[in-house]
Amino acid sequence: MTRIDAEFVERMPDPAFVVVNDKVVYENERFRRQFGAGFEPAARIAPGQVEEWMKWLKDADLRSSDSSRTYRFRLADGGWSEADVSIVPVEWEGCAARLALFREQRRRTPDVEHRLLESAGIGVWVLDTVRNAVVFVSPAFYRLTGMEVPEFWEKLCKSPETAAHPDDAAKIRRMVRELKEGRSVEARFRLRREDPDRYVHLEIRTTPVVGPDGRLERLEGVLSDITERAELEQRLHYMANHDELTGLLNLRALRRNLRDAVARAKRAGKRVAVVCFDIDHFKKINDRFGSFLADQLLCETADRLRTSAGPNRWVARFSADEFAVVVADVVSRDDIRREVERLLRLLREPYNLDGYDLYVSFSAGIAVYPDDTDEESELLNVADTALLHAKRNRNTYVFYQKALSPSTLEGAMLEIDLRKALERDQFELYYQPQFDLNTRKIVGAEALIRWNHPTLGQIMPSKFIPLAEETGAIEQIGEWVIRRVCRNIKKWQDLRDHPIPISVNLSARQFREENLVDKIADALNETEADPRLLELEITETMSMNDQCDSVLRDLKKLGVRISIDDFGKGYSSMAYLNRFPINRLKIDRSFVADMEQSEENYAIVSTITALGHHLHLEVVAEGVENAQQCKLLKTLSCDVAQGFYFSPPLPEKRFERVLLKA
C-alpha cells in the first residue's frame, strides 16, 4: 500500500483529500480553494447523492484503478459543479486510508458553460452521421485529437487498432456498437497522435440521436484530455502493487497472481511451485557495509531474478531479504528442481557493488501445489517453512515435506531460543481490527503474536506455536499474551468512550492447564481490565474436551467472552453450541476465501450464519479479502468481518492510533 504525506497530496494536480475511518483528515490547497475547507457530505454533495456517496466511499473496490464516479458538488463560491472522483488505497501516518481525487467537469451556470465551449481543454462536437457533416465543433477538439470530427469517427469505427492503443481496440468497438444501438456511452481510451509511440488519454461522453426508423442520425459528444490524471492513477496503482526499492511485485500482488496460477493449474491438472529465496547472513552484510550497499545487493538480486525467471513466472519481494518466485504450469518436481538450481547458480555469481566483489550464498524453500497443500493461501507459508529448514545449513534448497515437524524444523537451537525469547523481550503483539459489516466501525480486534527472532527475523505463530506446545513453553507464552492484552484493554478503556473487546487465542495445551481460570482472573485483577472486554477463542476440537463445560462456565463467571474459532472445520457437532456459554462463532477463513466462486462454500457460510443467529450468537467472518466477499457476507446478515480487505494485523502502536481515531 502506498505511503503518502501532506507534501505528496499538495503536489497533486487536482483537488484531493485523505479519508481515515470515514473522516476527512487532510485537504490540499486546490481542494480548499475550489470546494471550500472542511468537507461535509451533507453540505457539499447534491441532495439525493449523499447516501450513495457514503456507501460508495466505503464499498469502492480499491483493487481497481477504475474506481471512479461522478457527483455534483457545491463550490466554495456557492455555485455547483460536477466532478469525477477517483478513490485509491494509501497509507497515511501508519493507518489504512483512502485518497479521493477530484476532477471538475463543468459548472451549471450559463456563463461557465459558455466559457467551457470556448476553452482549449474540452472538445465539444455534434456530428450528423447521415450526411457525415459536422454540426458543431469546439476549437479544442482538433487540438485534442489531431483530426476533424468525421475522420475521428470513421477511424474509431473502421480501424480502432491503428487509431488507438491496441489494448483499447475492443473497448472502442463495444462503444461504437452501443452508440449505433442508440445507447449513451462513457469511455476512456488512449488515442494515437502523430508520433506512433505517443498516446493521449481521452475521456469521451457521447449521446446518440436515433431517428423514427431506428437509424443513427446524430452524435453529440464531449471529449476531455485526462492524460495527467490517468498517468497519476497508473503510478498510484503501480506503487500499490510493487516493492518501492526493487520494483518487484509486493506480497499483495503476489498473492493475487498465485491465486490465478493455482486456479489455472487446477483446471489443467498441472503443478504450481512457490520458491522462497533468502540471502544468507544479510544482517552481517548490512552491518559491515552499510544500508546503501545492502540495498544495492537487494536490487541486483531482484534484477537477476526478474530477468531470468522466464514465462509464467512471477517474482516478488515480501520481507527485508526474502524473495519469492511463483513457477506456474510445471509438470513434475524434477522440472522445479532444475529451475531452482538454475536460479541459485545465477544468484551465487559474484556481485560487484560499489567497488566490492561480494560472494553471497542463498537458501531456498520450495512448496508445490497440490503435492504439499491444495490451499493456495497456504503455499507461501509452506514454502517459508521449508526455507526455515534450509537456513539451518544455509547455501542449499529444501522441498517441503510433511515430516518437517516443529522439532525437526528448528531442532534444539530453536527450542533453546524459544525458551529465552520471553526473557529477551522478543515477542510482540499485533492486533487485527474487526469491523461491523453494517456501520463499518471497529467493534473488536484479535491479538496475534509475532516472534522477532534475532537471526531468523519475524516468525509467524504457525511456525513456533506447535514447537511451544511440544516443549511446554506455550504456558509461559500464553500467560504473557493474556497479561499484555489485559494491560492494553485497561489502557484503551480509559482512553475511549466506547472500548472494544480484544480476543486472544487459547492453545489446546493452555486450555488443559488446571490453573487456567486462576491465571486469567489474576491478570484481570492486577490490570483492572474490564473482563467483558476480554474474549477467549477456542477451537471446535478443544470444545470436545471432557472438562470443557466446567472450564468455560468458570471462565464465564469471570465475565469474559467466549468464541469458537475456525468454526466448521472441526467435528461439526452442534450439541455443545446450545450447552456451552458461547458469545461468538468465527467462520473459518477457508470457507470465506472462495465463497464468491464456490456454491458449496457459500452454502456453508450461509448455514453457519443462520445457525449462529438462531442460537443468538454473533457471527464473525475471518479472512475477508475483497469487496465481493464483503458484499455477500452482508447479504447473509453476517455481523462482523476481519481480514486484509479491511486491515492487516497492525503493530500495537499503529493499532492504538487507528483505534483512537475511530
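The values are calculated or read from the model by the stated rules, or taken from the named source; none is laboratory data. Please read these numbers as outputs of a predicted model, since none were measured by experiment. Cβ sites come from the backbone with ideal geometry, for glycine too, and all protein chains shown count toward neighbours.
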In the stretch 148-164, residue farthest from the chain's Cα centre (by Cα) [restricted to those that are outside any helix (DSSP H, G or I) and surrounded by fewer than 16 Cβ atoms within 10 Å (Cβ to Cβ)]: 148
Hits in the stretch 237-280 - residues which are part of a strand (DSSP E or B) and surrounded by fewer than 19 Cβ atoms within 10 Å (Cβ to Cβ): 242
So residue 584, is it within 30 Å of residue 3 (Cα to Cα), surrounded by 15 or more Cβ atoms within 10 Å (Cβ to Cβ) and either within 25 Å of the chain's Cα centre (by Cα) or touching a residue at least 24 places away in the same chain (Cβ under 8 Å) (or both): no
Condition check for residue 295: in the same structural domain as residue 264 (by TED's automatic domain parsing) and surrounded by fewer than 14 Cβ atoms within 10 Å (Cβ to Cβ): no
In the stretch 466-523, the residues that are touching a strand residue (DSSP E or B) at 6+ places or on another chain (Cβ under 9 Å) and among the aliphatic types (A, V, I, L, M): 477, 481, 482, 485, 489, 500, 502, 504, 506, 508, 520, 523
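Okay, residues lined up against (1) more than 21 Å from residue 9 (Cα to Cα); (2) modelled with pLDDT of 85 or more:
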{"site": "43", "(1), (2)": "yes, no"}
{"site": "64", "(1), (2)": "no, no"}
{"site": "75", "(1), (2)": "no, no"}
{"site": "78", "(1), (2)": "yes, no"}
{"site": "83", "(1), (2)": "no, no"}
{"site": "91", "(1), (2)": "no, yes"}
Sole exception among (1) assigned by TED's automatic domain parsing to the domain that holds residue 549; (2) crowded, with 20+ Cβ neighbours inside 10 Å; (3) more than 30 Å from residue 635 (Cα to Cα) for residue 494, by number: (2)
Matching residues in the stretch 318-375 - criterion: being without any contact (Cβ under 8 Å) to a residue 60 or more places away in the chain, among the β-branched types (Val, Ile, Thr) and surrounded by fewer than 20 Cβ atoms within 10 Å (Cβ to Cβ): 373
Elements of type helices (runs of 4 or more DSSP H) in the stretch 548-662, at least 2 residues being farther than 23 Å from residue 89 by Cβ and at pLDDT below 95: 548-558, 575-579, 589-593, 599-614
For residue 212: the one exception among (1) of a type outside the set (D, E, K, R); (2) touching a strand residue (DSSP E or B) at 6+ places or on another chain (Cβ under 6 Å); (3) part of a loop (DSSP other than H, G, I, E, B): (2)
Total residues in the stretch 631-650, condition of a type in the set (A, V, I, L, M) and over 17 Å from residue 431 (Cβ atoms): 3
Yes/no for residue 605 being more than 18 Å from the chain's Cα centre (by Cα), of a type in the set (Val, Ile, Thr) and within 15 Å of residue 445 (Cβ to Cβ): no
Cross-chain or 6+ apart pairs with Cβ under 8 Å, the stretch 153-166 first and in the same structural domain as residue 193 (by TED's automatic domain parsing), then surrounded by fewer than 16 Cβ atoms within 10 Å (Cβ to Cβ) and in a helix (DSSP H, G or I): 155/162; 160/173
From the options 207, 145, residue that is over 26 Å from residue 231 (Cα atoms), in contact with a strand residue (DSSP E or B) (Cβ under 8 Å, 6 or more places away or on another chain) and surrounded by 15 or more Cβ atoms within 10 Å (Cβ to Cβ): 207
Qualifying residue in the stretch 515-533 (condition: at negative phi, modelled with pLDDT under 85 and either part of a helix (DSSP H, G or I) or not assigned by TED's automatic domain parsing to the domain that holds residue 279 (or both)): no
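So that you can scan it fast, the table gives a plain yes or no per residue for (1) at pLDDT 85 or above; (2) of a type in the set (A, V, I, L, M); (3) closer than 18 Å to residue 425 by Cβ; (4) buried (at least 19 other Cβ atoms within 10 Å of the Cβ):
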site	(1), (2), (3), (4)
450	yes, no, yes, no
456	no, yes, yes, no
465	yes, yes, no, yes
469	no, no, no, no
473	no, yes, yes, yes
476	yes, no, yes, no
481	yes, yes, yes, yes
489	yes, yes, no, yes
Filter pass, residue 31 being assigned by TED's automatic domain parsing to the domain that holds residue 75 and within 13 Å of residue 85 (Cβ to Cβ): yes
Residue ID - nearest to residue 465 (Cα to Cα), chosen from residues in the stretch 534-547 that are β-branched (Val, Ile, Thr) and modelled with pLDDT under 85: 539
First in the stretch 553-567 and on the phi > 0 side of the Ramachandran plot and of a type outside the set (Asp, Glu), second anywhere and buried (at least 22 other Cβ atoms within 10 Å of the Cβ) and part of a helix (DSSP H, G or I), Cβ under 6 Å, 6 or more apart: none
Selection within the stretch 124-142 - buried (at least 19 other Cβ atoms within 10 Å of the Cβ) and in a helix (DSSP H, G or I): 140, 141
Failed item in (1) modelled with pLDDT of 80 or more; (2) in the same structural domain as residue 71 (by TED's automatic domain parsing); (3) closer than 21 Å to residue 14 by Cα, with residue 96 passing the rest: (3)
Residues satisfying the stated conditions in the stretch 431-470, i.e. in a strand (DSSP E or B) and in contact with a Lys or Arg (Cβ under 6 Å, 6 or more places away or on another chain): 458
The lone exception for residue 193 - which of (1) within 19 Å of residue 140 (Cα to Cα); (2) modelled with pLDDT of 90 or more it fails: (2)
